[in-house]
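This report refers to the structure that appears directly beneath it.
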Amino acid sequence: MSIILPDRPGFYALVWEIVRQVPAGRVTTFSQVASMIPPPEGVKPEDYARLGARWVGDALNRVSLVDDPNIPWHRVINVRGTSSLPENSEGAALQRGRLRAEGVMPPDSEAVDLAAYGWEGPDPAWLAARGLLPPKPIKLNADGDAPAQMRLF
């Protein structure tokens, strides 16, 4: 059974509003952005926990395809610190180039150090004013590995 995102335009607008808050020189993850948005009406929390990051990826794919200059989509990466765009695509190259220009991705690497450049999230008052939740922290597992996240494309 496939779960449909009930209010896609509203959800996407929230994603884009959150992503606009990510400052240059910082990154966030699809799952961290999803963690700030309460489960949409009609979606069970366990289904949202499973699909939220994917829906965030869908929202960002919409703006990355047109390279919307008002939304810093390139600052959202996966929990491994890498792009979720197809490896050899123009979008992935653009994302890596922008992250390198902001100093968060070394020239000899394809990954961002989330411990060093992970964003803590917006100000709590900003979140509360919009009915959003505190973000989950960007951390490595106890064994030092990033939690697994499926590729979005």
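Bear in mind that the values in this text are calculations on the coordinates, not laboratory data. From a predicted model like this one, the values you see are computed outputs, not experimental measurements. Here Cβ is always computed from backbone atoms with ideal geometry, including for glycine, and neighbour counts include all displayed protein chains.
So, in the stretch 22-46, of the ones that are in contact with a helix residue (DSSP H, G or I) (Cβ under 7 Å, 6 or more places away or on another chain) and polar (S, T, N, Q), which residue ends up farthest from I77 (Cα to Cα)? By that ranking, first place goes to S31. Here the stretch 55-94 is the region considered, the condition is being under 18 Å from Q32 (Cβ atoms), free of Cβ contacts under 8 Å to residues at least 40 places away in the same chain and of a type in the set (S, T, N, Q), and the residue that is surrounded by the most Cβ atoms within 10 Å (Cβ to Cβ) is S83.
Among the conditions (1) crowded, with 22+ Cβ neighbours inside 10 Å; (2) closer than 21 Å to R8 by Cβ, L99 misses just one, which is (2).
Of the residues making up the stretch 23-54, just one is surrounded by fewer than 20 Cβ atoms within 10 Å (Cβ to Cβ) and among the hydroxyl-bearing types (S, T, Y), namely Y48. For Y48, the conditions (1) more than 10 Å from the chain's Cα centre (by Cα); (2) touching a residue at least 40 places away in the same chain (Cβ under 8 Å); (3) within 15 Å of F11 (Cα to Cα) all hold with the exception of (2). For the stretch 1-21, a residue qualifies if it is in contact (Cβ under 8 Å) with a residue 40 or more places away in the chain and closer than 16 Å to L132 by Cα, and the qualifying residues are F11, Y12, L14, V15, W16, E17, I18, V19, R20, Q21.
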